[in-house]
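Just below is one structure, and these are the notes that go with it.
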Amino acid sequence: MHTPVKNPLRMMLLALLAVAPLFTACNNDDDDPTPDDDNEQITTLTYTLTPVGGGAPVSATYRDLDGDGGTAPVIGSLTLAANTTYTGTLSLLDETKNPAVNTSAEILEEADEHLFWFEPTPANLLTVTRTDRDKNNLEIGLQTRVVTTAAATGNLKITLRHQPGTKNGTFAPGDTDVEVTFPTTVR
């Protein structure tokens, strides 16, 4: 009777293949998933500026109900008085839900994860100062103070940065939830 010669390398490979699923099952991290920190859904952003010395509020609204790749968003503009100080308030909504979700309230609840960034162009068009702070004493930007100077024309870009676990008061960490550029005139 003939005894077959066993190939030791083949036997070792078969043993490793049989044991491999045990190692992947033991090292599977799906048993303790990390929750996702999804960006906020924002369809509408309104920036309302009220003159400190009295007068009618001025507001501009960005609205994009179907998101990126759909129809073009509707973007308003700001017309402000020269040499004037305003208090500013941002209001954000998610109108994909019925009823609409007040995203401003969600951002305020998670203030230590959010930062609004304001970029006027040209830089001397106006000055925006964030006046609200999170639990870590870092600025948020839902509330602002805006000071205009001489007559000028330009843009005001407002960006909401989502910075879970990384907020440090700068623009860099995190992702952008929404970015809007309002044409702005100071006269």
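The values are calculated or read from the model by the stated rules, or taken from the named source; none is laboratory data. On a predicted model such as this, the values are computed, not experimentally measured, just so you know. Please note: Cβ atoms are built from the backbone with ideal geometry, for glycine as well, and neighbour counts cover all protein chains shown. Quick note on the areas: whole protein, heavy atoms, side chains included, nothing else; ligands and nucleic acids left out. Shrake-Rupley method; radii C 1.70, N 1.55, O 1.52, S 1.80 Å.
Here's the yes/no breakdown for (1) assigned to a loop (DSSP other than H, G, I, E, B); (2) out of contact with any helix residue (DSSP H, G or I) (no Cβ under 9 Å at 6 or more places or on another chain); (3) among the small types (Gly, Ala, Ser); (4) on the phi > 0 side of the Ramachandran plot:
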| residue | (1), (2), (3), (4) |
| --- | --- |
| 69 | yes, yes, yes, yes |
| 112 | no, yes, no, no |
| 147 | no, yes, no, no |
| 150 | yes, yes, yes, no |
| 156 | no, yes, no, no |
| 159 | no, yes, no, no |
| 164 | yes, no, no, no |
Scanning region 153-187 residue by residue, those open to solvent by 30 Å² or more (accessible area, probe 1.4 Å) and more than 16 Å from the chain's Cα centre (by Cα) turn out to be 153, 155, 183, 185, 187
When region 31-66 is checked residue by residue, the ones that are open to solvent by less than 60 Å² (accessible area, probe 1.4 Å), outside any strand (DSSP E or B) and at pLDDT 80 or above are 42, 43, 54, 55, 64
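For (1) under 20 Å from residue 43 (Cβ atoms); (2) modelled with pLDDT of 95 or more, each residue gets a yes or a no:
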residue: 118; (1), (2): no, yes
residue: 127; (1), (2): no, yes
residue: 132; (1), (2): no, yes
residue: 149; (1), (2): no, no
residue: 152; (1), (2): no, yes
residue: 158; (1), (2): yes, yes
residue: 166; (1), (2): no, yes
residue: 185; (1), (2): no, yes
Residues in region 72-113 that are β-branched (Val, Ile, Thr) and over 18 Å from residue 55 (Cβ atoms): how many? 6
Of the residues in region 101-121, those that are more than 20 Å from residue 173 (Cβ to Cβ), open to solvent by less than 70 Å² (accessible area, probe 1.4 Å) and touching a residue at least 12 places away in the same chain (Cβ under 8 Å) come to 101, 103, 104, 120
Which of the residues spanning region 139-148 are out of contact with any Asp or Glu (no Cβ under 7 Å at 6 or more places or on another chain) and open to solvent by 60 Å² or more (accessible area, probe 1.4 Å)? 145
Which ones in region 50-79 are more than 19 Å from residue 179 (Cβ to Cβ), touching a residue at least 24 places away in the same chain (Cβ under 8 Å) and in contact with a strand residue (DSSP E or B) (Cβ under 6 Å, 6 or more places away or on another chain)? 50, 51, 52, 58, 79
